[in-house]
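**Q** Sharing a structure, written as structure tokens. Questions coming.
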Amino acid sequence: MRTVRLLMLGVLVLLAGAVRADDELELDPPHITVYGTAITEITPDRMVWLLAVRNEAPTLQEAAEIQARSVQEVLALLAARGIAERTVETARTELAEVHGARTSFRSRSGYAASTGISFGCSDFSQYEALWTGLAKIQHVSVRSVLYDHSRRAELENETRKQAVLAAKEQALSLVGTLGAKLGAPLLVEEHPRLNEGWGQPVTLGDIGKIRDEAHRSGDILAPGKIAIRIRVKVIFGLAQ
């Protein structure tokens, strides 16, 4: 009973309005504030790989030449594995001096070149082959492999609509209990995204587990589910 009384008190405060400073009582238009949450679980259908290519060499020319060879080897591997060229993005190569620390001053010890490469892959059976191939190329590291879905924006919009409907249903239930009528929405606000699935990383350390799962299920990579969580705040007016 205590929980019910507290809930009713909270609703009545929202209906009554707010007390403001300067000894003046001002009532906001009668309203009710509710929150709605919707969750959609989906199976990812693509991966996004983020790579870093970096080397250090004594001279600027050597660093640039080594970098060009490594980047070309990566691009050749991706082409050989059937990765669609339209999904491959290569950031501009950056060259910088490398300094070594000494007791009283810093001296230049060489040059470093770095390039970022990203690509998408919808064939999960390529996962281990890509890891193995990239591991054989010098100066290449895999920063992360992220799960994604080709219909992400559409699925998020559908989940967002469900969250708004959930908020409306909650408001109707509350005002109906009080014998009031729900008016027009005064504010709709989406809270920071709560979805946890996008960007879920897969690491090289998972390969042992992936191999075990592959023997049991016949699949190379079992990504599981992505949970899209959308939470909204909605303020409704109360009809007279």
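**Q** Taking I117 as meeting all but one of (1) more than 20 Å from S70 (Cβ to Cβ); (2) in contact with a helix residue (DSSP H, G or I) (Cβ under 8 Å, 6 or more places away or on another chain); (3) at pLDDT 90 or above, write down the number of the exception.
**A** (1)
**Q** Follow-up. Quickly run through the range 55-68 and pick out the residues that are within 21 Å of T132 (Cα to Cα) and buried (at least 17 other Cβ atoms within 10 Å of the Cβ). First the steps, then the outcome.
**A** Kept after step one, since they are within 21 Å of T132 (Cα to Cα), are these residues of the range 55-68: 55, 66-68.
Scanning the range 55-68 gives N55, I66, Q67.
**Q** Taking V164 and the conditions (1) modelled with pLDDT under 95; (2) β-branched (V, I, T); (3) outside the structural domain of R54 (by TED's automatic domain parsing), which numbered condition does it fall short on, given that it satisfies the others?
**A** Among (1) modelled with pLDDT under 95; (2) β-branched (V, I, T); (3) outside the structural domain of R54 (by TED's automatic domain parsing), V164 violates only (1).
**Q** Under 30 Å from E156 (Cα atoms) and either modelled with pLDDT of 70 or more or surrounded by fewer than 11 Cβ atoms within 10 Å (Cβ to Cβ) (or both): which single residue out of A91, A101 fits that description? Reasoning before the result, please.
**A** Details: A101 fails: under 30 Å from E156 (Cα atoms).
Checking each option against the conditions leaves just A91.
**Q** Still on this model: Condition test on V140, is it touching a helix residue (DSSP H, G or I) at 6+ places or on another chain (Cβ under 6 Å), modelled with pLDDT of 90 or more and either surrounded by fewer than 16 Cβ atoms within 10 Å (Cβ to Cβ) or aliphatic (A, V, I, L, M) (or both)? Working first, answer last.
**A** Details: touching a helix residue (DSSP H, G or I) at 6+ places or on another chain (Cβ under 6 Å): yes; modelled with pLDDT of 90 or more: yes; either surrounded by fewer than 16 Cβ atoms within 10 Å (Cβ to Cβ) or aliphatic (A, V, I, L, M) (or both): yes.
Yes, satisfied.
**Q** Before we move on, is R151 charged (D, E, K, R), under 28 Å from the mean Cα position of the chain (by Cα) and closer than 16 Å to R54 by Cα?
**A** Numbers: charged (D, E, K, R): yes; under 28 Å from the mean Cα position of the chain (by Cα): yes; closer than 16 Å to R54 by Cα: no.
No, not satisfied.
The values are calculated or read from the model by the stated rules, or taken from the named source; none is laboratory data. No experiment lies behind these values; they were computed from the predicted model shown. Methodologically, a virtual Cβ is constructed for each residue, glycine included, from the backbone with ideal geometry; neighbour enumeration extends over all protein chains shown.
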